[in-house]
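> Dumping the structure here so I can ask a few things about it.
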Amino acid sequence: MAFAPSNTPSDAPARDTAAPRADVHLPDTARDLVKILITGPFGVGKTTLIDSVSEIRPLHTEEPLSEASARVDDLAGVRDKATTTVAVDFGRISLPGGVVLYLFGTPGQERFRVLWDDIAYGALGALVLVDSRRIDASFDVLGLVEETGLPYAVAFNTFPDAPRHHTEDQLRAALDLEAGTPMVTCDARVADSSVDALLALVQHLIDRHAPEER
């Protein structure tokens with residue numbers, strides 16, 4: 001992929017890497033509790049990303065893929081995938097300054113659309129994961145996010161066999177993204193990379209709200 005991975009914005013909060021990976025109570029320093037959606041098509045890495053960054057033991061609603069679902073879900077590029085999220089994934093990450101992100105991973109398949117309104121209620125933004133090997137699989141999810149009116153950032157999850165020759169402009173055009181929509185790359189398996197993608201979204205939310213506060 002031709003464009004650079006995400007970097008932590010200079011004025012966005014950095015991650016408190018000292019937080020242990022355990023079942024912990026909400027820190028006493030928590031001031032701003034922010035609900036964020038982690039969404040994207042089937043098999044793009046939503047569960048993996050939440051696993052990589054959550055400071056508490058993540059909640060998952062994974063079920064084995066059935067013969068019936070295999071006829072519905074597009075397994076191109078994810079032939080080894082044996083499970084799918086059927087309700088929600090949940091994790092939490094604390095940032096300095098008392099900011100706590102509640103991460104809600106949403107099913108990417110169209111048949112789970114009825115869950116969307118309930119899961120999206122109260123969210124301030126969404127991180128949309130995209131697989132550059134199957135960009136068209138992201139269209140329905142992006143459409144749903146835009147219908148909801150949520151600000152969002154796009155993160156291309158890196159897969160070993162993903163094409164690397166596309167330019168940023170080509171990828172933006174393929175997804176029909178507005179110029180102000182953040183677009184980064186990340187490796188959902190790596191905590192620091194996933195946090196960078198989340199911080200790109202947080203910075204986008206800060207920038208959107210800044211004019212209202214002046």
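> Assess whether residue 127 counts as being touching a helix residue (DSSP H, G or I) at 6+ places or on another chain (Cβ under 6 Å), open to solvent by less than 10 Å² (accessible area, probe 1.4 Å) and within 14 Å of residue 49 (Cβ to Cβ). Working first, answer last.
Working: touching a helix residue (DSSP H, G or I) at 6+ places or on another chain (Cβ under 6 Å): yes; open to solvent by less than 10 Å² (accessible area, probe 1.4 Å): yes; within 14 Å of residue 49 (Cβ to Cβ): yes.
The answer is yes for residue 127.
> Can you pull out the residues in the stretch 134-164 that are within 18 Å of residue 113 (Cα to Cα) and aliphatic (A, V, I, L, M)?
137, 141, 142, 144, 145, 150
> Residue 137 is checked against (1) open to solvent by 50 Å² or more (accessible area, probe 1.4 Å); (2) farther than 22 Å from residue 56 by Cβ; (3) not basic (Lys, Arg) and fails just one. What number does that condition carry?
With respect to (1) open to solvent by 50 Å² or more (accessible area, probe 1.4 Å); (2) farther than 22 Å from residue 56 by Cβ; (3) not basic (Lys, Arg), residue 137 is out only on (1).
> Only residues that are in contact with a Gly (Cβ under 8 Å, 6 or more places away or on another chain) and open to solvent by 10 Å² or more (accessible area, probe 1.4 Å): list them for the stretch 103-124, please.
108
> Here's another thing I want to ask about it. I want to confirm something. Restricting to the stretch 171-189 and keeping residues that are touching a residue at least 12 places away in the same chain (Cβ under 8 Å) and not in a loop (DSSP other than H, G, I, E, B), which single residue is most open to solvent (accessible area, probe 1.4 Å)?
This residue is 174.
> Give the residue that is surrounded by the fewest Cβ atoms within 10 Å (Cβ to Cβ), with candidates limited to residues of the stretch 25-48 that are within 19 Å of residue 160 (Cβ to Cβ) and at pLDDT below 90.
Checking each candidate, the answer is 42.
> Taking interchain pairs and intrachain pairs at least six residues apart, which have beta carbon atoms under 6 angstrom, with the first residue in the stretch 27-51 and among the basic types (Lys, Arg) and the second in a loop (DSSP other than H, G, I, E, B)?
Qualifying pairs under 6 Å: 31/98; 35/122; 35/123; 46/40.
> Can you name the residue in the stretch 49-74 that is under 21 Å from residue 95 (Cβ atoms) and open to solvent by 60 Å² or more (accessible area, probe 1.4 Å) and, of all such residues, is modelled with the highest pLDDT? Quick ask: steps written out before the conclusion?
Applying the first criterion (under 21 Å from residue 95 (Cβ atoms)) to the stretch 49-74 yields 49-59.
Then keep just the ones that are open to solvent by 60 Å² or more (accessible area, probe 1.4 Å); that gives 57, 59.
Values: 57: 91, 59: 87.
My answer is 57.
> Can we say residue 145 is β-branched (Val, Ile, Thr), touching a residue at least 60 places away in the same chain (Cβ under 8 Å), outside any strand (DSSP E or B) and open to solvent by less than 10 Å² (accessible area, probe 1.4 Å)? Steps first, please.
Values: β-branched (Val, Ile, Thr): yes; touching a residue at least 60 places away in the same chain (Cβ under 8 Å): yes; outside any strand (DSSP E or B): yes; open to solvent by less than 10 Å² (accessible area, probe 1.4 Å): yes.
When the stated conditions are applied, residue 145 passes them.
> Answer with yes or no whether residue 192 is in contact with a Ser or Thr (Cβ under 9 Å, 6 or more places away or on another chain) and open to solvent by 60 Å² or more (accessible area, probe 1.4 Å). Walk me through it before giving the result.
Numbers: in contact with a Ser or Thr (Cβ under 9 Å, 6 or more places away or on another chain): yes; open to solvent by 60 Å² or more (accessible area, probe 1.4 Å): yes.
Considered against the rule, which asks whether it is in contact with a Ser or Thr (Cβ under 9 Å, 6 or more places away or on another chain) and open to solvent by 60 Å² or more (accessible area, probe 1.4 Å), residue 192 comes out as yes.
The values are calculated or read from the model by the stated rules, or taken from the named source; none is laboratory data. None of these values were measured; they are calculated from a predicted model. Here the Cβ is made from the backbone with ideal geometry for all residues, glycine too, and neighbour counts use every protein chain on show. Just the protein is used for accessible areas: all its heavy atoms, side chains included, with ligands, DNA and RNA removed. Shrake-Rupley method; radii C 1.70, N 1.55, O 1.52, S 1.80 Å.
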